[in-house]
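Asks: Okay, here's the structure, questions in a sec.
What follows draws every value from the coordinates through simple rules; no lab data is involved. What you see is a predicted model, and the numbers here were worked out from it, not measured in a lab. FYI the Cβ positions are ideal-geometry reconstructions off the backbone, even for glycines, and counts take in every protein chain you see.
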Amino acid sequence: MTAVLDRPDTERVPRFGQLFGRIVLAGVIAGALAGAFSLLVTGRAIAPALELEEARAAAEGAGHEHGEELFTRSEQMFGGFLGTVLAGVVLAVLFAAVYGAVRHRLPGRTDFARVMLLAAVGFGVLALLPALKIPANPPAVGDPATVDTRTAIYGGTLLCGVVGVMLVAALVSWLRSRGTGIPTTAVAATLAIGVLLAMVLVFVPDNPDTIAADVPAAVVWDFRLASLGQLAVLWAGIGLAGGWLLDRFTRRPAAS
Amino acid sequence: MTSSPHAQRAAAGRGRISVPAWAWAITLIALFGLYLIAQDNGQVLQSLGETAHEFFHDARHSLGMPCH
């Protein structure tokens with residue numbers, strides 16, 4: 001028994017309530033950071049699209065569907081911040097339940113490593129995968145007639161991602177239980193992720209909308225990057241803040 | 001109970017956490033709430049949904065959810 005190898009990683013298993021409180025707090029922090037990103041970056045990327053909508057409305061003559069705005073732009077920006085905070089809390093609640101259920105199966109010596117890994121998986125499945133399959137669009141792009149179809153594609157993509165993660169996790173568990181080494185397991189898991197990703201991209205239907213000719217490509221590109229950046233801040237925040245808070249707690253030896 | 005303190009700690013690190021049913025219930029309620037404020041197109045909330053939709057419009061777009 002060498003002292004170095006036996007350096008304590010995690011000293012205790014948190015009770016679920018202890019885990020839940022810390023992860024939800026991390027969700028509030030992450031939501032506030034991503035909300036700040038929304039105010040500083042994404043909100044600005046949305047502005048040119050809103051100007052385009054107004055220009056279209058003016059060209060068609062005032063008084064149709066968006067004739068009377070319910071909220072001012074600054075109120076909507078605040079709504080963007082608040083909605084992002086709420087999304088952070090909701091995702092953190094989901095994260096806490098899933099982390100509690102799978103913590104003993106996640107690799108990693110510390111809770112920080114395990115929380116970061118699950119946050120990376122969450123970003124990959126709930127942010128990056130839909131960004132590849134059905135990328136975010138700014139206002140002025142979506143066709144109201146296809147919103148239900150697009151919602152179904154979005155939801156279906158998320159579902160495929162969750163099922164895919166479970167399949168890859170099952171593959172890794174199976175290989176490890178047969179004594180397969182880590183390098184071989186990593187290669188097999190990466191191949192499996194590639195095949196599953198390709199299947200989602202090929203077999204899930206594409207967004208039926210075409211982007212109207214009056215929408216500059218830069219407006220769409222800037223918005224998509226900003227959207228993905230905002231989601232990256234959200235998931236990085238949940239991982240870093242949640243991992244840090246939980247790790248501090250589980251490293252301390254249990255009292256009594 | 002003859003295992004070393006280190007082994008006990010390692011075992012603790014691998015211990016299972018029992019996730020209570022209320023956690024899954026709250027998760028479902030929270031996800032449904034997020035759907036209502038972000039994704040509902042008036043199917044459930046009617047006109048209140050439109051107000052919520054307009055107020056959370058930025059969040060909905062920027063989090064990558066489909067919208068008109």
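Asks: Subtracting the Cα-Cα distance from 0.36 nm times the residue separation, let me have the gained length for A:E53 to A:L158 in nm, one decimal. Intermediate values should be presented prior to the final figure.
Replies: Working: separation 105, 0.36 × 105 = 37.80 nm, distance 2.94 nm.
The span from A:E53 to A:L158 would gain 34.9 nm if fully extended.
Asks: So if we plug the beta-carbon distance of A:R251 and A:D206 into 1/(1 + (r/R0)^6) with R0 = 51 Å, what FRET efficiency do we get, rounded to 0.05?
Replies: It comes to 0.60.
Asks: I've got another one for you. Would you look at the GNM of chain A, springs on alpha carbons closer than 10 Å, and say which of A:V219, A:V89, A:V202 moves the most?
Replies: Of the options given, A:V202 has the highest mean-square fluctuation.
Asks: Only Cα pairs within less than 10 Å get springs; with that Gaussian network setup on chain A, which residue of A:V187, A:V24, A:V163 has the largest fluctuation?
Replies: Most flexible of the set in this elastic network: A:V187.
Asks: Quick one: among A:G179, A:G242, A:G80, which has the greatest mean-square fluctuation in a GNM of chain A with alpha-carbon springs under 10 angstrom?
Replies: Largest GNM mean-square fluctuation: A:G179.
Asks: Also, quick follow-up: May I ask you to evaluate 6.51 cos²θ - 1.76 cosθ + 1.60, the Karplus curve with θ = phi - 60°, for each residue of the stretch A:167-184 and list the ³J(HN,Hα) values in order in whole Hz, giving x for glycine and proline?
Replies: Result, rounded to whole Hz: 5, 5, 4, 5, 4, 4, 4, 5, 4, 5, 5, 8, x, 5, x, 5, x, 5.
Asks: For A:R176 and A:W221 in the same chain, what is the full-extension length gain: residue separation times 0.36 nm, less their Cα-Cα distance, in nm? Before the final figure, lay out the partial values.
Replies: Details: separation 45, 0.36 × 45 = 16.20 nm, distance 4.16 nm.
Computed gain between A:R176 and A:W221 is 12.0 nm.
Asks: Ignoring GluC sites (Glu not before Pro) that are buried or in helix or strand per DSSP, and keeping those with at most 12 other beta carbon atoms within 10 Å, what is the longest stretch of chain A between them?
Replies: Values: sites that count: A:E65, A:E68, A:E69.
Counting only loop sites that pass the neighbour cut-off, the longest clear stretch is A:70-256.
Asks: Calculate the FRET efficiency for A:L117 and A:D214 from the Cβ-Cβ distance with a Förster distance of 35 Å, rounded to the nearest 0.05. Don't skip to the answer; put the middle values down first.
Replies: On the way: r = 44 Å, r/R0 = 1.25.
Computed FRET efficiency for A:L117 and A:D214: 0.20.
Asks: Another question, then. Could I have the simple spin-label model distance between B:W24 and A:A189, label points 7 Å from Cα toward Cβ, reported in nm to one decimal?
Replies: In this crude spin-label approximation the distance works out to 2.5 nm.
Asks: Assuming R0 = 22 Å, can you tell me the calculated FRET efficiency for the pair A:R15 and B:L31, based on Cβ-Cβ distance, to the nearest 0.05?
Replies: Working: r = 24 Å, r/R0 = 1.07.
The computed FRET efficiency comes out at 0.40.
Asks: Using the count of nearby Cβ atoms within 10 Å as a rough guide to exposure, how do B:I37, A:I211, A:I46 rank from fewest to most?
Replies: Listing B:I37, A:I211, A:I46 from fewest to most nearby Cβ atoms yields A:I211, B:I37, A:I46.
Asks: Additional query: Size of the dipole of the protein assembly as shown about the Cα centre, Lys and Arg at +1 and Asp and Glu at -1 on the beta carbon, nothing else charged, in debye to 20?
Replies: Details: 23 positive and 23 negative charges, 542 e Å.
Computed charge dipole of the protein assembly as shown: roughly 2600 debye.
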